[in-house]
1. Enter the buried accessible area of the C/A pair, total of both sides, probe 1.4 Å, in Å² rounded to the nearest 100.
2. For A:Val76, list long-range residues whose amide hydrogen, built 1.01 Å from N in the peptide plane, is under 5 Å from its own amide hydrogen.
3. Tabulate in residue order the Karplus-calculated ³J(HN,Hα) for the range A:442-447, using 6.51 cos²θ - 1.76 cosθ + 1.60 with θ = phi - 60°, rounded to whole Hz; enter x for Gly and Pro.
4. Using the basic label-point model (7 angstrom from Cα toward the beta carbon), what is the B:Ser167 to A:Arg539 distance in nanometres?
5. Under the definition of partner shielding as Cβ atoms of other protein chains within 10 Å of a residue Cβ, what is the mean value for peptide C:96-109?
6. Could you identify which residue out of C:Val232, C:Val31, C:Val176 has the top mean-square fluctuation in a GNM of chain C using Cα springs shorter than 10 Å?
7. Along the range A:154-163, what does the Karplus equation 6.51 cos²θ - 1.76 cosθ + 1.60 (θ = phi - 60°) give for ³J(HN,Hα), rounded to whole Hz, x for Gly and Pro?
8. Ordering A:His556, C:His6, C:His26 by accessible area with a probe of 1.4 Å, largest first, what comes out?
Amino acid sequence: MTTGAPTTTGAPTTTGAPTTTGAPTTTGAPVTAATVTTPGHAVLTARIGSFTFHGDTDPALRDVEVSVPSGMLTAVLGGSGSGKTTLGKLVAGWLRPGQSGTLAGALGLAGELLEFRGGPDDPRINPAAWAGRVGYVPQDAAAMLSTVRSTVAEEIAFGLENRGTARPDMVREVARIAELTGLAALLGRDPATLSGGELRRLAIACAVVTGPDVLVLDEPLASLDAAGVILVRDLVSRLTGAGTAVVVLSQAVDGLVRPAAHWLLLDGGTATAGGPPRELIRSAELARTGTVIHAVTHTAAARTVSQAPVIQAPVIQAPAAQPPVVQASGIQRQAALRDARQEPAPAHQPEFQPKPQPAPALELNSVGFSFPPDGRAVAEPVLRDLSLAVRPGEIVAVTGRNGAGKSTLLRHLNGLLRPDTGEVRVSGTSIAGLPAGRVAASVGLLFQHPRDQLFERTVLREVSFGLRRLFGKEAGARAQAALAAVGLSADAETHPAELPSSKQRLLALATVLAREPAVLVLDEPAVGLDRHGLEFLHRAIEDSAARGVAVVLVTHDLSYARATAHRVLKLSGGGLQEL
Amino acid sequence: MSQQSLTLPATGSAAGRTKAQRNRRLLELGGAAAIAATYLFLVLTQPADIANGPASFPALVALGGFLLGAVLLIAAALPALPTSTLVLMPVALVLNVVLGQLMGTTGLPFYVDAIGTVLIAVLAGPAAGAATGALSTIVWSFINPTVLPFAAGAALIGFLAGLAARSGLFRRFYLAPVAGFVTGILAGVVSAPIAAFVFGGTAGPRHRSGGQRVPRDGRHPARRHHQAGVDLRPHGQGHCLRYCRPAGLCAAAAHHLPVPVRPQVPGARR
Amino acid sequence: MPSTLHPLTSLTAAGCAAVMTTAAGHWPLSVAVALAAALLAIRAGVGRRVLAAAAAVLLPLGLSLLMLHGLFFPEGRTVLAAWGPARVTVEGLSFALEAGTRTGACVLVLLLFSFTVSAPDLVAALAARGLPPQFGFVLASALTLLPAMAGRLDAVRAAQEARGLVVRGGVVSRLVAVRVQMVPLVLGLMEDSGNRAQALDARGFGTPGPTTSYREVQDPPAQRRFRAALLVLAGTAVALRLGASWPAPGFP
């Protein structure tokens, strides 16, 4: 089973090699996940003394030991940058010792034990054969796709084609896997047109089509809506039921990893604890890892291996649904479209400006929008007669299922998209006719993919970009303050692309915060953040609201919305409803 | 599905490997020979039936010879490339097109439609560079068929950029323009007959070659066409402007890749 | 609308039409071929796209041909008009016409092929003919990446505008904008492709040994015979042209 933390003994010798009986050399025949015999014996073992990427000086992984039992769910938990992905790719043959980095340790699969010393005589892993036994699904499911197959069926078949499977077998196998993953109705679709949840299931289908004994899933629930979460969890329990060992890498204790048989906690590239969930859920090691602990919300569909302790423990204290202080007292600066150069320091605001009802910082008046028809059919309007008013200091959350038009709505707020009917007003002024780059002075929008936003050589330069024009001599201080607000002061000289994804997102947030917008718009800000990141995000939102910034955030996660916002709205059918 | 070994053989079976290598070497030589022979033929025979109409015969020779050479080079280089290089090639093709487009919309006089080719050549060597150049042209021809005859020139650019990177020319900023200049001249030399004979002596599409037509000189058409084939000056200038800059950019880019990407990108490991 | 022909049939037809037109070098034939291609394109429902793409290629080419040969054609005897060194001659114009129509016919025919062919079918057909799978991969991947990257570039631009980037008219501002957009685009692409390489290796791409194909492309015998006939025709046309031109033509 899973042992971690070789903190007591120098060299972990307890489990290691798969000493378990007759190593199953059966498999053979094209794909059946259930060929492995007794559930519970270790099919995959990894003993990693250290793994260092070529070109790096510090090891990415150190003293990690994993043993994966068949037919069971194992969870590897850790915050952003804890080494989960490196571990997952290493045991799945995506990162190969010798080619990608230097490994000192041993990998055991199906009765074969490979010893690595980091020298030229080390065995070389055959990626195709190894991955046929250990499937890996990356966090970005699109990276799994070949990009050269035009239908879902062909994409699933890609792995079989390369192995020379005869066509009749291939057709049968694709149909079976499609049934298993719930893709049977989508076999003729172009993979590029799938939704996030469908894409995730397609990636899993691609990984299990060769009938692996072990399946490693990297953040399988990231950015899925409730329906997608239930489908993926159901799929996982079906796979474990069929005898496949499933390893989930996650930075959140959610409904998927709670029922796992074993947890392994990673922190800073090393294993700090391992054991059954009920022993670890309250442990100090878990608290240190930066793992987010969700309240259980969707338990319906998942058949569980062991009993999941249901703990209602949202980590972040909600501001509750109290009305914003601002609205009651009305001591808000009329920040909005004010020129920051003339009135740079919010600290020098007049103490008290009695105003019974401050004007909304952001107003949408019966906005209607539909994408231009692309010749085939008349486009259904995405937004229909939509109105919204957000006061300074108010936090509004917009939820809705994937594809409801949430991102389209956000793009209207800073002029990236223009409404067909109606108007958008920021601080009382219509933004019609202003270029998006100008509106950005008063509306800060954080996109879902931070990578698209970052282009500088260092974190500090990234945040400082364009600040001089807004703040003059104070630019440097503002940049430092914004970095401090998201906890990146220590990384000021790092290349943004070298940050873990959680920190990249925080950096993108800092670039928006540094400009001190009157309206802060956040697209799925919590996705991919570990607990430390969530705390910084939470504080940034609270502080902004306290300063009188109007905050609009979009999220698929209703519980997060309720915990964060004063008001939760649901976008459906092109309009907003209060929840 | 037969049970494959989880590990690869330590050194590879020497006999099988050398045979495959010899076949590839033969294809490579064949491709290079086809291109060289076509070029020599065009220059030596100095086709001059221009007064009787456009040069059908040399056009066919130039088209056939250069295309055949490019295809042979692709067939030789592709199967030997590791997957990590292979996945970069579509990206390079798309960069060629998208960045070319991006530059087009800014209206700046920089030609970056070979930047992807040079990038691959710098990262993965001359063979990959040549294959990228030729393939890039073939894919591009789906949108613009007139680039097809320039496949051989594009392959040469990739090959030379790869050689220059191998010999360390891109490590010194003052050597990169030299490499770009030489590459540009040689690519111009190869492309000139195409522009002259296939497209009737005007500038090739997308400025693939500079204006190589010598203005009216009142001399014998044969001599004039001889010049049309080998007059290097205009292409040299055009091409060196075009290629030295992307080359420098790519060399810089390769050094500034973030650490987690590097192990996956061939050649970026230093 | 994808064509119902086997992709190799339409490829052979397009290639042979281009070769034969070039070999003939006769402008009425070129015009006829170009017109036929345009008509077929319109009937296939891709007329607008084919003609737009052809116009983007051919208009600049035609203009430069006219400028060069229409105005400066040293062999021109029949002068229609002259301004200093520039002389409009009948010979020059006919040369420009000849070269322009020939290129136009080839471009239209090949565009007709590329806008009607189904890329997945083409890749499957090529793989079935024993071409290395890597060739099909690069071809198909580039064709699917192209629209995806255009979308990605838009995303980068939008994300950066949201950060307050305004592209103004000046050269410096545009250069900054290009650099700023290129960095995330290129880095993102390279990172993705690194992941994709690992995924492809894991899925057995490029392993030695036979591969099979899930997609089946129908290749009726009639089309095979048609392809063979076309190849023979094109070969004959080239041979005839070679025969006519071989003894290097004397100077006029």
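1. Working: alone 16870 and 25210 Å², together 37550 Å².
When C and A are taken together, about 4500 Å² of accessible area is lost.
2. Those qualifying (amide H under 5 Å, at least 5 residues apart or on another chain) are A:Val248, A:Leu249, A:Ser250, A:Leu264.
3. 10, 10, x, 10, 9, 7
4. Between B:Ser167 and A:Arg539, the simple spin-label model gives 5.8 nm.
5. Working: counts 4, 2, 5, 11, 4, 1, 7, 9, 0, 0, 7, 6, 1, 1.
That works out to 4 on average.
6. Result: C:Val176 has the largest fluctuation of those listed.
7. Whole-Hz 3J(HN,Hα) from phi for the range A:154-163: 5, 5, 4, 6, 3, x, 6, 4, 5, 8.
8. C:His26, A:His556, C:His6
The values are calculated or read from the model by the stated rules, or taken from the named source; none is laboratory data. None of these values were measured; they are calculated from a predicted model. With ideal geometry, Cβ positions are generated from the backbone for all residues, glycine too; neighbour counts draw on all protein chains shown. The protein model used for the area step is the full one, side chains on, heavy atoms only, and it has no ligands, DNA or RNA in it. Shrake-Rupley method; radii C 1.70, N 1.55, O 1.52, S 1.80 Å.
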